[in-house]
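To keep things clear, I will list the structure first and then write my remarks on it.
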Amino acid sequence: MPKGIPNPAAMYGIYPRSWGYEVSIVRNGKRYFQQFGRASYGGDAQALRQAQEWRDGVVRSVPPVPRRTRAEKLRINNTTGVSGVFCQVAPGGRVRAWVAKTYIGQDEILRTDFPVNTVGEAAQALAIEERARQLERMDGLAKLHPAEESIRTSPPSAPAGLLAPKRSKSEIRRSTNSSGVSGVHFKAPNPGHPGYWLAITYTAGRGSVSKAFSIKEHGPEKAKQLAIEERQRQLEEKLAFLQQDSNVAARTPPLSIPFLLDQPSQASSLQHGMAAGGTRPPQ
(Lines give C-alpha, C1' and ligand atoms only; values in the text may rest on other atoms or scores of the structure.)
Protein backbone atom coordinates (compact mmCIF):
# COMPACT_ATOMS: atom_id res chain seq x y z
CA MET A 1 0.00 0.00 0.00
CA PRO A 2 1.13 3.66 -0.49
CA LYS A 3 3.03 5.19 2.41
CA GLY A 4 0.71 6.44 5.13
CA ILE A 5 -2.19 4.19 4.06
CA PRO A 6 -2.53 1.03 6.21
CA ASN A 7 -2.93 -2.36 4.57
CA PRO A 8 -6.45 -3.86 4.55
CA ALA A 9 -7.26 -5.70 7.77
CA ALA A 10 -6.90 -9.11 6.12
CA MET A 11 -3.34 -8.30 5.03
CA TYR A 12 -2.16 -6.48 8.15
CA GLY A 13 1.45 -7.52 8.77
CA ILE A 14 1.34 -9.90 5.78
CA TYR A 15 3.44 -9.35 2.67
CA PRO A 16 2.93 -11.29 -0.60
CA ARG A 17 6.03 -12.90 -2.04
CA SER A 18 6.60 -14.81 -5.27
CA TRP A 19 6.63 -18.09 -3.29
CA GLY A 20 3.87 -17.32 -0.78
CA TYR A 21 3.44 -14.95 2.17
CA GLU A 22 5.66 -13.42 4.82
CA VAL A 23 4.44 -12.20 8.23
CA SER A 24 6.39 -9.51 10.07
CA ILE A 25 5.10 -7.74 13.20
CA VAL A 26 7.17 -5.72 15.67
CA ARG A 27 6.25 -5.69 19.36
CA ASN A 28 8.18 -3.67 21.92
CA GLY A 29 11.29 -3.77 19.78
CA LYS A 30 11.02 -7.52 19.05
CA ARG A 31 10.25 -8.72 15.54
CA TYR A 32 7.90 -11.68 15.05
CA PHE A 33 8.57 -13.22 11.67
CA GLN A 34 7.35 -16.31 9.81
CA GLN A 35 7.07 -17.48 6.20
CA PHE A 36 4.29 -19.51 4.57
CA GLY A 37 5.02 -21.00 1.16
CA ARG A 38 2.32 -22.07 -1.28
CA ALA A 39 4.07 -25.36 -1.92
CA SER A 40 4.25 -26.13 1.81
CA TYR A 41 0.49 -25.73 2.32
CA GLY A 42 -0.98 -26.94 -0.96
CA GLY A 43 -1.81 -23.63 -2.63
CA ASP A 44 -2.24 -19.89 -2.25
CA ALA A 45 -5.48 -19.94 -0.22
CA GLN A 46 -4.13 -22.25 2.49
CA ALA A 47 -0.80 -20.40 2.68
CA LEU A 48 -2.60 -17.07 3.22
CA ARG A 49 -4.96 -18.61 5.76
CA GLN A 50 -2.04 -20.04 7.72
CA ALA A 51 -0.28 -16.66 7.63
CA GLN A 52 -3.38 -14.90 8.94
CA GLU A 53 -3.89 -17.41 11.76
CA TRP A 54 -0.25 -17.09 12.83
CA ARG A 55 -0.44 -13.29 12.72
CA ASP A 56 -3.66 -13.29 14.74
CA GLY A 57 -1.99 -15.47 17.37
CA VAL A 58 0.82 -12.95 17.75
CA VAL A 59 -1.61 -10.04 17.96
CA ARG A 60 -3.67 -11.77 20.67
CA SER A 61 -0.77 -13.02 22.77
CA VAL A 62 1.53 -10.00 22.50
CA PRO A 63 -0.56 -6.80 22.62
CA PRO A 64 1.00 -3.37 21.99
CA VAL A 65 2.37 -1.41 24.93
CA PRO A 66 0.03 0.98 26.77
CA ARG A 67 -0.06 4.42 25.18
CA ARG A 68 1.27 5.99 28.36
CA THR A 69 4.25 3.63 28.44
CA ARG A 70 5.10 4.56 24.87
CA ALA A 71 4.67 8.27 25.61
CA GLU A 72 7.08 8.02 28.55
CA LYS A 73 9.86 6.52 26.45
CA LEU A 74 12.69 8.97 25.85
CA ARG A 75 13.47 9.84 22.27
CA ILE A 76 17.07 9.93 21.10
CA ASN A 77 16.91 13.71 20.63
CA ASN A 78 15.61 14.34 24.16
CA THR A 79 17.98 16.58 26.15
CA THR A 80 15.99 17.07 29.35
CA GLY A 81 15.76 13.50 30.68
CA VAL A 82 11.96 13.69 30.80
CA SER A 83 9.79 12.78 27.82
CA GLY A 84 7.38 15.49 26.71
CA VAL A 85 9.33 18.22 28.50
CA PHE A 86 11.59 20.57 26.55
CA CYS A 87 12.93 24.09 26.79
CA GLN A 88 12.63 27.10 24.54
CA VAL A 89 15.94 28.88 24.03
CA ALA A 90 16.37 32.58 23.22
CA PRO A 91 18.71 33.63 20.35
CA GLY A 92 21.52 34.23 22.83
CA GLY A 93 21.30 30.70 24.25
CA ARG A 94 19.36 31.68 27.37
CA VAL A 95 16.48 29.38 28.40
CA ARG A 96 13.32 31.36 27.84
CA ALA A 97 10.70 28.83 29.00
CA TRP A 98 10.08 25.17 29.90
CA VAL A 99 7.25 23.42 28.11
CA ALA A 100 5.15 20.30 28.89
CA LYS A 101 3.43 18.84 25.84
CA THR A 102 1.38 15.64 25.38
CA TYR A 103 -0.44 14.27 22.37
CA ILE A 104 -3.70 12.80 23.67
CA GLY A 105 -5.56 12.26 20.42
CA GLN A 106 -5.97 13.53 16.89
CA ASP A 107 -7.82 16.65 18.01
CA GLU A 108 -6.40 16.99 21.52
CA ILE A 109 -2.86 18.16 22.28
CA LEU A 110 -2.08 19.39 25.77
CA ARG A 111 0.60 22.06 26.14
CA THR A 112 1.60 24.37 28.98
CA ASP A 113 4.48 26.86 28.89
CA PHE A 114 6.34 28.03 32.00
CA PRO A 115 8.31 31.23 31.19
CA VAL A 116 11.49 31.59 33.22
CA ASN A 117 11.04 35.34 33.56
CA THR A 118 7.66 34.68 35.25
CA VAL A 119 8.18 31.62 37.50
CA GLY A 120 11.97 31.72 37.76
CA GLU A 121 14.10 28.65 38.39
CA ALA A 122 11.01 26.57 39.23
CA ALA A 123 9.99 26.55 35.55
CA GLN A 124 11.56 23.18 34.77
CA ALA A 125 10.13 21.46 37.86
CA LEU A 126 6.69 22.88 37.11
CA ALA A 127 6.87 21.61 33.53
CA ILE A 128 7.77 18.12 34.77
CA GLU A 129 4.85 18.11 37.20
CA GLU A 130 2.50 19.30 34.47
CA ARG A 131 3.69 16.56 32.13
CA ALA A 132 2.82 13.95 34.79
CA ARG A 133 -0.69 15.40 35.07
CA GLN A 134 -1.09 15.33 31.29
CA LEU A 135 -0.08 11.66 31.13
CA GLU A 136 -2.91 10.78 33.55
CA ARG A 137 -5.30 11.72 30.73
CA MET A 138 -3.78 9.05 28.48
CA ASP A 139 -5.17 5.52 28.53
CA GLY A 140 -5.56 2.46 26.30
CA LEU A 141 -3.05 0.64 24.13
CA ALA A 142 -0.93 2.04 21.36
CA LYS A 143 -2.85 1.96 18.09
CA LEU A 144 -0.62 0.30 15.51
CA HIS A 145 -3.24 -0.60 12.91
CA PRO A 146 -7.05 -0.32 12.62
CA ALA A 147 -7.30 -4.14 12.55
CA GLU A 148 -5.51 -4.66 15.87
CA GLU A 149 -8.48 -4.29 18.20
CA SER A 150 -10.83 -6.44 16.13
CA ILE A 151 -8.25 -9.23 15.91
CA ARG A 152 -7.61 -9.21 19.68
CA THR A 153 -11.28 -9.35 20.59
CA SER A 154 -12.49 -11.85 17.98
CA PRO A 155 -12.20 -15.65 18.31
CA PRO A 156 -9.99 -17.63 15.91
CA SER A 157 -11.56 -17.72 12.46
CA ALA A 158 -11.10 -21.49 12.10
CA PRO A 159 -10.30 -24.39 14.43
CA ALA A 160 -6.68 -25.48 14.13
CA GLY A 161 -7.83 -28.92 12.94
CA LEU A 162 -9.37 -27.43 9.79
CA LEU A 163 -6.08 -25.93 8.67
CA ALA A 164 -4.01 -28.06 6.31
CA PRO A 165 -0.88 -29.30 8.10
CA LYS A 166 2.40 -28.09 6.72
CA ARG A 167 3.90 -30.49 4.25
CA SER A 168 7.33 -31.91 4.88
CA LYS A 169 9.92 -31.41 2.18
CA SER A 170 9.29 -34.92 0.93
CA GLU A 171 5.62 -34.07 0.32
CA ILE A 172 6.22 -31.06 -1.92
CA ARG A 173 6.10 -31.94 -5.60
CA ARG A 174 9.28 -30.61 -7.14
CA SER A 175 9.71 -29.44 -10.70
CA THR A 176 11.91 -32.49 -11.30
CA ASN A 177 9.22 -34.92 -10.16
CA SER A 178 8.36 -37.25 -13.04
CA SER A 179 5.35 -38.98 -11.49
CA GLY A 180 3.07 -35.97 -11.08
CA VAL A 181 2.50 -36.99 -7.45
CA SER A 182 4.52 -35.72 -4.51
CA GLY A 183 6.27 -38.48 -2.62
CA VAL A 184 6.34 -40.85 -5.62
CA HIS A 185 9.69 -41.09 -7.40
CA PHE A 186 11.33 -43.20 -10.07
CA LYS A 187 14.68 -44.69 -9.06
CA ALA A 188 17.29 -46.61 -11.01
CA PRO A 189 20.37 -47.76 -9.05
CA ASN A 190 22.49 -47.97 -12.22
CA PRO A 191 22.10 -47.53 -16.00
CA GLY A 192 21.47 -51.25 -16.55
CA HIS A 193 18.80 -51.54 -13.84
CA PRO A 194 15.14 -51.42 -15.02
CA GLY A 195 14.34 -49.24 -12.00
CA TYR A 196 11.46 -49.03 -9.58
CA TRP A 197 8.84 -46.59 -8.36
CA LEU A 198 9.18 -45.51 -4.72
CA ALA A 199 6.48 -44.16 -2.38
CA ILE A 200 7.91 -42.34 0.65
CA THR A 201 6.31 -40.24 3.40
CA TYR A 202 7.87 -38.43 6.34
CA THR A 203 6.02 -37.84 9.61
CA ALA A 204 7.52 -35.72 12.39
CA GLY A 205 8.10 -37.89 15.42
CA ARG A 206 7.94 -41.12 13.44
CA GLY A 207 10.47 -40.74 10.66
CA SER A 208 10.03 -41.97 7.10
CA VAL A 209 8.11 -44.96 5.73
CA SER A 210 8.69 -46.13 2.18
CA LYS A 211 7.92 -48.93 -0.23
CA ALA A 212 9.31 -49.72 -3.66
CA PHE A 213 7.65 -51.42 -6.64
CA SER A 214 9.91 -53.07 -9.18
CA ILE A 215 9.34 -52.38 -12.87
CA LYS A 216 10.83 -55.78 -13.65
CA GLU A 217 8.18 -57.47 -11.53
CA HIS A 218 5.12 -55.28 -12.21
CA GLY A 219 5.87 -53.44 -15.44
CA PRO A 220 6.32 -49.64 -15.68
CA GLU A 221 2.67 -48.55 -15.52
CA LYS A 222 1.57 -51.02 -12.83
CA ALA A 223 4.62 -50.27 -10.65
CA LYS A 224 3.87 -46.54 -10.84
CA GLN A 225 0.19 -47.09 -10.03
CA LEU A 226 1.06 -49.24 -7.03
CA ALA A 227 3.44 -46.58 -5.77
CA ILE A 228 0.74 -43.90 -6.07
CA GLU A 229 -1.73 -46.07 -4.17
CA GLU A 230 0.87 -46.77 -1.50
CA ARG A 231 1.63 -43.06 -1.18
CA GLN A 232 -2.06 -42.33 -0.63
CA ARG A 233 -2.22 -45.04 2.04
CA GLN A 234 0.84 -43.56 3.76
CA LEU A 235 -0.80 -40.12 3.80
CA GLU A 236 -3.97 -41.58 5.30
CA GLU A 237 -1.90 -43.17 8.03
CA LYS A 238 0.04 -39.95 8.61
CA LEU A 239 -3.12 -37.89 8.98
CA ALA A 240 -4.59 -40.38 11.42
CA PHE A 241 -1.42 -40.20 13.51
CA LEU A 242 -1.43 -36.38 13.53
CA GLN A 243 -5.09 -36.27 14.53
CA GLN A 244 -4.57 -38.73 17.34
CA ASP A 245 -1.44 -36.96 18.56
CA SER A 246 -3.22 -33.59 18.82
CA ASN A 247 -6.54 -35.01 20.08
CA VAL A 248 -8.25 -33.48 17.07
CA ALA A 249 -10.10 -36.63 16.05
CA ALA A 250 -12.39 -36.44 19.11
CA ARG A 251 -13.42 -32.85 18.36
CA THR A 252 -13.54 -32.51 14.59
CA PRO A 253 -14.91 -34.58 11.68
CA PRO A 254 -12.46 -36.58 9.58
CA LEU A 255 -10.39 -34.43 7.28
CA SER A 256 -9.75 -35.08 3.61
CA ILE A 257 -6.23 -35.49 2.30
CA PRO A 258 -5.31 -32.26 0.48
CA PHE A 259 -2.07 -33.49 -1.03
CA LEU A 260 -3.33 -35.45 -4.06
CA LEU A 261 -6.49 -33.56 -5.00
CA ASP A 262 -4.88 -32.16 -8.14
CA GLN A 263 -3.51 -35.51 -9.29
CA PRO A 264 -4.91 -37.96 -11.91
CA SER A 265 -7.90 -40.03 -10.86
CA GLN A 266 -5.86 -43.22 -11.15
CA ALA A 267 -4.39 -42.41 -7.74
CA SER A 268 -7.76 -42.95 -6.05
CA SER A 269 -7.60 -46.74 -5.76
CA LEU A 270 -6.69 -47.83 -2.25
CA GLN A 271 -7.29 -51.56 -2.55
CA HIS A 272 -3.70 -52.67 -2.68
CA GLY A 273 -3.43 -52.61 1.13
CA MET A 274 0.32 -53.18 1.54
CA ALA A 275 2.12 -52.22 4.72
CA ALA A 276 4.88 -49.61 4.43
CA GLY A 277 8.14 -50.60 5.93
CA GLY A 278 11.09 -49.45 3.90
CA THR A 279 11.07 -52.55 1.68
CA ARG A 280 14.26 -52.98 -0.32
CA PRO A 281 13.57 -52.76 -4.07
CA PRO A 282 13.87 -56.08 -5.95
CA GLN A 283 17.11 -56.41 -7.90
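The values are calculated or read from the model by the stated rules, or taken from the named source; none is laboratory data. These numbers come from a predicted model, not from an experiment. Don't worry about glycine lacking a Cβ; one is built from the backbone with ideal geometry, like all the others, and counts go over all protein chains shown. In case anyone asks, the SASA skips ligands and DNA or RNA and just uses the protein heavy atoms, side chains included. Shrake-Rupley method; radii C 1.70, N 1.55, O 1.52, S 1.80 Å.
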### Task
Under 16 Å Cα to Cα from residue 187, which lysines show up? Leave out anything in the same chain fewer than 8 places away.
211, 216, 222, 224
#### Entry: the range 68-132: relative contact order in percent, alpha carbon pairs under 8 Å with at least 6 residues between
24
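Taking only C-alpha pairs under 8 Å that are 6+ residues apart, what is the relative contact order of the range 25-155 in percent? It would help to have the intermediate numbers written out before the result.
Numbers: 153 pairs, mean separation 28.5, N = 131.
The normalised contact order for the range 25-155 reaches 22 percent.
Residue 89 to residue 9: extension gain in nm, 0.36 nm per residue of separation minus the Cα-Cα distance? Don't skip to the end; give the middle numbers.
Numbers: separation 80, 0.36 × 80 = 28.80 nm, distance 4.47 nm.
Stretched fully, the residue 89-residue 9 segment lengthens by 24.3 nm.
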#### Entry: Relative contact order %, the range 1-92, counting alpha carbon pairs below 8 Å whose residues are six or more apart
18
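Please report, in debye to the nearest 20, how large the charge dipole of the range 35-76 is about its Cα centre when each Lys and Arg carries +1 at its beta carbon and each Asp and Glu carries -1 there.
Numbers: 9 positive and 4 negative charges, 76 e Å.
Charge dipole, the range 35-76, about its Cα centre: 360 debye, nearest 20.
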### Query
Going by the alpha-carbon gyration tensor, a ≥ b ≥ c the square roots of its eigenvalues, is the range 75-129 rounded (a/c under 1.5) or, if a/c is not under 1.5, prolate (a/b greater than b/c) versus oblate?
prolate
### Task
Under 20 Å Cα to Cα from residue 166, which lysines show up? Leave out anything in the same chain fewer than 8 places away.
238
### Query
Roughly how many percent of the accessible protein surface of the range 67-166 is carbon and sulfur, given a 1.4 Å probe and a whole-percent answer?
53
